[in-house]
Each structure stands twice: as structure tokens, then as C-alpha cells.
Amino acid sequence: MEKETGRIEGFSDGVFAIAITLLVLDLHVPEADSIRNGNDILIFMKNQWPTFLAFILSFFSIFIMWVNHHKIFKQIYSRNSGIMFANGLILFLVSAVSYPTALLAKYFNGEAASVVVAIYTGIFVLINLAYNLLWYLASKNKKLLRPGITDLAIKKIHNNYLYGLPIYIIALTFSFWIPVVSLIIILGLWIFWALSSGKIEMSMK
């Protein structure tokens, strides 16, 4: 069976690359007239810690989303309109990550922390829903998937994405009371996605 998703994957890779590159635009250097010595640079960088935190969180979140996007399209061989639009929704949301990242960088260390963290975690809830939608539309017709894929493998992928949803919702809930806990949960999800996707890939070989 010939794979029909090459153009979708190529276009998606480009969007992921642009989205992850846009994050660096929030990293700024100090104005020359405000720096007298190396200590001033260190103080400036110390005061910019929310910006670095937001950049690191978003960079690795988008990177892991790209890894999972690659893995999911290793199983999808054919496309239909539903798959293309669901993939488009993922790309739209991934492209939007830079905005809540900028909000997090600017307002996390202040009174608006709970709101910006809620916005930040909220977009990842939507992205998780979009991934679930993509896999649901692809897996409901087995003819769209890799030849020889088993029902067990399909279920494992489904569960992998479905289990992440309540965790993201928990992170969103915590953002209104203890924003830092929300970011710790998102950090933990990096490990979850990295380990679980690797195990699923090994089980399907």
C-alpha cells in the first residue's frame, strides 16, 4: 500500500519548525546603555527568568508534539478530508503557542500569573483534543492505516492520547490556585509522552 500522506507531513514539519522558531523572538538582550559590566548582564538575565522558563517549556512541548505527530503519521497511510482538517487544527493550535508563551514570559512573575498560566495550559488541552480527533478519524477506518497494524496497537495509541487529556485538565485547574504546579505537571507530561510513545513504537515492531 503506497503512503499518501507525504505532502501533509512535509507541510506539517514546516509549520512545526516555524512555530518553534517563533519562540526565540521573546528572548531579548539588554540595551547597551544599561550595561556597564558583566554583573549587569547577569542581573538582567536573572530578572528574565520567566522568559527563559516559558521558552524552555514551549520549545520542548512543541518538540514532543512534533515527535508524536511523526509517530502518528507512521501509522496513517491514506488521507481523507477529515484527517486533513484535523491535522490543520493541530497546526493552527501549534502556531498559536507563541502567544500564550509571550504572556507567560511577561506576566508569570506578577499578579496575573494564574490567568496567563490558565491560558497557557488551556491551549495544550485544545491541542490534546485535536490529536485525539485526528487519531479517532484515522483509526475508525482501518483502511487508512498502515497495513498490518493490529487492533491492540490502535487501542494503545488511542489510550496514549486519551490518558493525557485529564492530566492537562488537572494542570488547567491548578493554574487558578497554584500556577507553578500547573507548569510542573506540563513538565511531567514531557516525560510521559516521550516514554509512552517510545514504548508504543517498540510494541508495534
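The values are calculated or read from the model by the stated rules, or taken from the named source; none is laboratory data. Values in this document were obtained by computation on a predicted structure and should not be read as measured data. All Cβ positions, even for glycine, are placed from backbone atoms using ideal geometry, and neighbour counts span all protein chains on display. Remember, those area values only see protein heavy atoms, side chains included, never the ligands or the DNA or RNA. Shrake-Rupley method; radii C 1.70, N 1.55, O 1.52, S 1.80 Å.
Label positions at residue 74 and residue 47, each projected 7 Å from the Cα along the C-beta direction, are separated by 4.7 nm. Only lysine pairs 8 or more places apart or on separate chains count here, and in the stretch 95-205 those with Cα atoms under 25 Å apart total 16.
With each label modelled as a point 7 angstrom along the Cα→C-beta vector, the residue 34-residue 191 pair spans 3.6 nm. Summing Lys, Arg as +1 and Asp, Glu as -1, what charge do residues with Cβ under 12 Å from the Cβ of residue 50 carry, residue 50 excluded? Net of charged neighbours comes to +1.
Apply the Kirkwood formula to the stretch 17-114: the hydrodynamic radius equals the inverse of the mean of 1/r over all pairs of different alpha-carbon atoms; give it in Å with one decimal. All intermediate terms of the calculation are to be shown ahead of the outcome.
Numbers: mean 1/r = 0.0634 Å⁻¹.
Result for the stretch 17-114 stands at 15.8 Å.
What you get for the chain, charging only the Cβ of Lys and Arg (+1) and of Asp and Glu (-1), is a dipole of about 1000 debye around the Cα centre. Seen from residue 117, the other residues with C-beta closer than 15 Å to its C-beta sum to a net charge of 0, counting Lys and Arg as +1 and Asp and Glu as -1. Which is the longest run of the chain containing none of the GluC sites (Glu not before Pro) found in DSSP loop states (not H, G, I, E, B) with at most 10 other C-beta atoms within 10 Å? So the longest stretch without any such site is 112-205. Solvent-accessible surface of the chain, averaged per residue with a 1.4 angstrom probe and all protein chains in place: 55 square angstrom.
Working note: 222 nm ellipticity from helices only, DSSP H runs with n ≥ 4, each -39,500 (n - 2.57), summed and divided by the residues of the chain, gives -25500 deg cm²/dmol to the nearest 500. Can you find, among 28, 54, 39, the residue farthest towards the positive end of the dipole of the stretch 1-70? Put +1 on the C-beta of Lys and Arg, -1 on that of Asp and Glu. The residue sitting farthest along the positive end of the dipole is 39. The calculated pair-distance distribution of the chain uses every alpha carbon pair, bins of 10 angstrom beginning at 0, and gives 8, 32, 31, 17, 8, 3, 0 percent. Please find the FRET efficiency linking residue 163 to residue 184, where r is the Cβ-Cβ separation and R0 is fixed at 22 Å, and quote it to the nearest 0.05. Calculated transfer efficiency: 0.75.
Axis of helix 49-73 versus longest Cα principal axis of the chain: the two differ by about 10°, to the nearest ten degrees.
Can you list which of the trypsin sites (Lys or Arg not before Pro) found in the stretch 128-158 are DSSP loop residues with at most 15 other C-beta atoms within 10 Å?
Working: sites: 140, 142, 143, 155, 156; in loops: 140.
Taking the stretch 128-158 and a limit of 15 other Cβ atoms within 10 Å, the loop trypsin sites (Lys or Arg not before Pro) found are 140.
Label zone (residue 173, point 7 Å along Cα-to-C-beta; backbone nitrogen cut-off 20 Å) within the stretch 92-124: 114-124.
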